[in-house]
Amino acid sequence: MRPSREKSSPSTSSGRAVGELSDTVAQQIRDHAQLSAPLECCGLLLGEGSTITEARPARNVHLSPQTHFEIEPQALIDAHRAERAGGPQVLGYYHSHPRGPAEPSATDRAMAARDGRIWAIVGHNGAIGLWYDGKHGFEALSTTAPSG
Ligand SMILES: [Zn+2]
């Protein structure tokens, strides 16, 4: 295992505003969600420090993709390998709720790793909720309006 990147990870405990989505990244997530509907889409949030610069689509390999997501393991492995080689950091994950709101479902809360990563969840209306998966559970960071 490599040392924790906690120091450079986004955090709400410092009182700093983190996790604003750029219009470009928000649109990447919405486009992927629309293409994947009625299945949930998923992918990785890449960037540096607290700045998300890219939403990278990944395959949803869950057996019930209508209501769940599981990021293809190889996509995670590749992204972490690229990060170690000097590429963008893996800041978090995104997925869609084709019939639900832009907030963590009971399933999401149950499977959250509480590892300090950012979750972006795009709801049925295109709104994108940004959540910090901290040790006390999900904290709301911001919500991006449905159309941007
Ligand atoms: Zn979910």
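The numbers here are math on the coordinates, done by the rules we state, and not lab data. Predicted model, so just to flag it, every value in this text is computed and none were measured. All Cβ positions, glycine included, derive from the backbone under ideal geometry; neighbour counts span all protein chains shown.
Structure above, values below:
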quantity	calculated
Every residue from region 30-49 that is under 18 Å from residue 90 (Cα atoms) and touching a Ser or Thr at 6+ places or on another chain (Cβ under 8 Å)	41, 42, 46, 47, 49
Residues that are under 12 Å from the mean Cα position of the chain (by Cα), within 23 Å of residue 34 (Cα to Cα), away from the ligand (no atom under 11 Å from the Cβ) and surrounded by fewer than 22 Cβ atoms within 10 Å (Cβ to Cβ), drawn from region 85-132	none
Search result, residues across region 116-147 that are within 15 Å of residue 40 (Cβ to Cβ), out of contact with any His (no Cβ under 9 Å at 6 or more places or on another chain) and small (Gly, Ala, Ser)	126, 129
Residues satisfying the stated conditions in region 35-44, i.e. outside any loop (DSSP other than H, G, I, E, B), within 16 Å of the ligand (Cβ to nearest atom) and of a type in the set (A, V, I, L, M)	44
Hits in region 136-148 - residues which are surrounded by fewer than 19 Cβ atoms within 10 Å (Cβ to Cβ) and in contact with a Gly (Cβ under 8 Å, 6 or more places away or on another chain)	140, 142, 143, 146, 147
Count of region 65-80 residues which are within 12 Å of the ligand (Cβ to nearest atom) and out of contact with any strand residue (DSSP E or B) (no Cβ under 7 Å at 6 or more places or on another chain)	4
Every residue from region 38-76 that is within 17 Å of residue 101 (Cα to Cα) and surrounded by 14 or more Cβ atoms within 10 Å (Cβ to Cβ)	39, 40, 41, 42, 65, 67, 68, 69
